[in-house]
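Report on the following structure.
Rule-based calculations on the coordinates, nothing more; no lab input. Just so it is clear, the model here is predicted, and its values are computed rather than measured. No Cβ is skipped: glycine too gets one built from the backbone with ideal geometry, and neighbour counts run over all protein chains shown.
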Amino acid sequence: MNDIIREIEAEQLKENVSDFNVGDTVKVYGKIKEGNRERIQIFEGTVLKIQGGSSRATFTVRKVSNGVGVEKTWPLHSPNVEKVEVVRRGKVRRAKLNYLRQRVGKKAKVKEIVK
């Protein structure tokens, strides 16, 4: 039974998943369906957490829009996620950045990795 589930999940994985980590600023290109039309909407923000594994992996992105914090959790291997583009790399020492929810302004910034 376990092997059958593993085979089905392996078929659903995307081949070209971009490499990003917690603390990175990313642009998520998500497909939005409105009636019979389909378009792509960009959601840009900081990755707060990545959780799960294989086909159930999800990541949460947070941005501040008009003074209000907005978070969206995206399935990594979903067909509704067109692509994930890394804008800048962040330097963090934690796996989950829940403390950013209480921060506002410059305190909410993540240091950038200088290459």
Original post:
For the stretch 2-103, what is the charge dipole size about the Cα centre, in debye to the nearest 20, if Lys and Arg each add +1 at the Cβ and Asp and Glu each add -1 at the Cβ?
Top reply: 760
**OP:** Measure off 7 Å from each Cα along the Cα-to-Cβ vector at N2 and S78, then give the distance between these two points in nanometres to one decimal.
**Re:** 2.9
Original post:
Label points 7 Å out from Cα along the Cβ direction at Q102 and S54: separation in nm?
Top reply: 3.8
Original post:
Say a paramagnetic label sat at a point 7 Å from the Cα of N21, along Cα to Cβ; which residues of the stretch 55-88 have their backbone N under 19 Å from it?
Top reply: 58-62, 84-88
**OP:** Check the stretch 2-103 and count each lysine pair with an alpha-carbon distance under 19 angstrom, considering only pairs eight or more places apart or from different chains.
**Re:** 25
**OP:** Return the Cα extents of the stretch 2-103 along principal axes one, two and three, sorted largest first, each rounded to a whole Å.
**Re:** 45, 39, 20
Original post:
For the Cα atoms of the chain, what angle does the longest principal axis make with the long axis of helix 2-12, in degrees from 0 to 90, nearest 10?
Top reply: 70
